[in-house]
Amino acid sequence: MASVWAKSFSNLTVLPVFLLLLLCLAPGGGQKKKENLLSEKVDQMMEWSSRRSVVRMNGDKFRRFVKAPPRNYSVIVMFTALQPQRQCSVCRQANEEYQVLANSWRYSSAFSNKLFFTVVDYDEGADVFQQLNMNSAPTFMHFPAKGKPKRADTFDLQRIGFASEQLAKWIADRTDVQIRVFRPPNYSGTIALALLVSLVGGLLYLRRNNLEFIYNKTGWAMAALCVVFAMTSGQMWNHIRGPPYAHKNPQNGQVSYIHGSSQAQFVAESHIILLLNAAITMGMVLLNEAATSKGDVGKRRIICLVGLGLVVFSSASVSIFRSKYHGYPTGL
């Protein structure tokens, strides 16, 4: 009987201890651990950002600080291929704009731990590219503080371009974080303008006694044609949107100079169109010269053939038009 009472007493003694352990292991303890983990991640991201505006990440860092919960901050990731052997000139251009944007955020008065800029290079995180089924670079993605990225969280680089201002507008739409872009001073344009003015002024001074060349119709016509060629080829669109020069497929290394969509273009594409427009114009001028001049017949025949060849060669512009407007001419 005494042994039964002793056993019952020991059970009663163990029960409070067991209940105390359950309280310690209750959800509150897990919540505390979650908060500590989140605090460690935020502190680490802030430390990296204090050293460099754009945090470089490999596969392990990406999975821990970008993909894995808990996370109460948004992350902008540029997936790129900056190594020289990749020969991705677009990646380097996009990286420069990305650095400008990240620095504008890092050194602004509104900087906080709610948004971080990171980069994953293909040679440092090829497994991340495979995990996300990504086969092109550069690519910008937003990983929200809660939930998974949606379609709009991938920046439409091909249509909008990668200018810092466009990226800032996209980030504002996705995160409500307003970033005012501050670009480092660039005096190249001012210097070029000063040199041009000096050159023109010097030329006018040297020719001050004979300024008849100012009234040269051919010279003004050539200047006007240069402006027309630049505008019709899309140079102003390039200046506003800041598209890449060309696109290189990282899988097979194939370079595309013509954009496949009618809503966008590459810089190289505008150069090609400019040359084709100039060839058409020159061809028509030569044909007109051959028909109206009264010089040697053999010389006029050669001019006519050259002009005709330029006009025929420039019909390649129709092929470019067809590649961008699929279904042409029936699709129009």
With springs only between Cα atoms under 10 Å, which of Pro144, Pro184, Pro243 fluctuates most in a Gaussian network model of the chain? Pro184
Straight distance only, please: which lysines reach the Cα of Lys61 with their own Cα at less than 22 Å, same-chain residues fewer than 8 apart left out? Lys33, Lys34, Lys41, Lys114, Lys146, Lys148, Lys150
Can you sort Trp220, Trp105 by solvent-accessible area, 1.4 Å probe, largest first? Trp220, Trp105
List the residues whose amide H sits under 5 Å from the amide H of Ser256, counting only those 5 or more places along or on another chain, with H placed 1.01 Å from N in the peptide plane. His247, Lys248, Asn249
How far, in degrees from 0 to 90, does helix 297-313 lean away from the longest principal axis of the Cα atoms of the chain, to the nearest 10? 20 degrees
Take the chain, connect every pair of alpha-carbon atoms lying under 10 Å apart with a spring to form a Gaussian network, then pick out the residue of Asn252, Asn209, Asn133 with the largest mean-square fluctuation. Asn209
Honestly segment 198-318 on the Cα gyration tensor test (a ≥ b ≥ c root eigenvalues; a/c under 1.5 rounded, otherwise a/b vs b/c for prolate or oblate) is just oblate
Starting from the Cα of Lys217, draw a straight line to each of the lysines and keep only those under 26 Å, dropping any in the same chain fewer than 8 residues away. Lys294, Lys299
In degrees between 0 and 90, to the nearest 10, how far off the longest principal axis of the chain does helix 2-24 point, with axes built from Cα atoms? 20 degrees
Accessible carbon and sulfur surface of the chain relative to its total accessible area, %, 1.4 Å: 61 percent
Evaluate the distance, in nm, between pseudo-label points positioned 7 Å from the Cα of Met231 and of Ser317 along their respective Cα→Cβ axes. 1.5 nm
Per-residue accessible area for Arg322 at 1.4 Å probe radius, Å² rounded to 10? 110 Å²
Run the numbers on the chain and let me know its relative contact order in percent, using alpha-carbon pairs under 8 Å that are six or more apart. 14 percent
Excluding ligands and nucleic acids, what accessible area in Å² is computed for Met222 using a 1.4 Å probe, to the nearest 10? 100 Å²
Before I look further, what does segment 177-239 give for accessible area per residue, probe 1.4 Å, in whole square angstrom? 85 Å²
In degrees rounded to 10, the 0-90 angle between helix 217-232 Cα long axis and the longest Cα principal axis of the chain is 30 degrees
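The values are calculated or read from the model by the stated rules, or taken from the named source; none is laboratory data. On a predicted model such as this, the values are computed, not experimentally measured, just so you know. All Cβ positions, even for glycine, are placed from backbone atoms using ideal geometry, and neighbour counts span all protein chains on display. Ligands, DNA and RNA are excluded from the accessible area calculation, which covers all protein heavy atoms including side chains. Shrake-Rupley method; radii C 1.70, N 1.55, O 1.52, S 1.80 Å.
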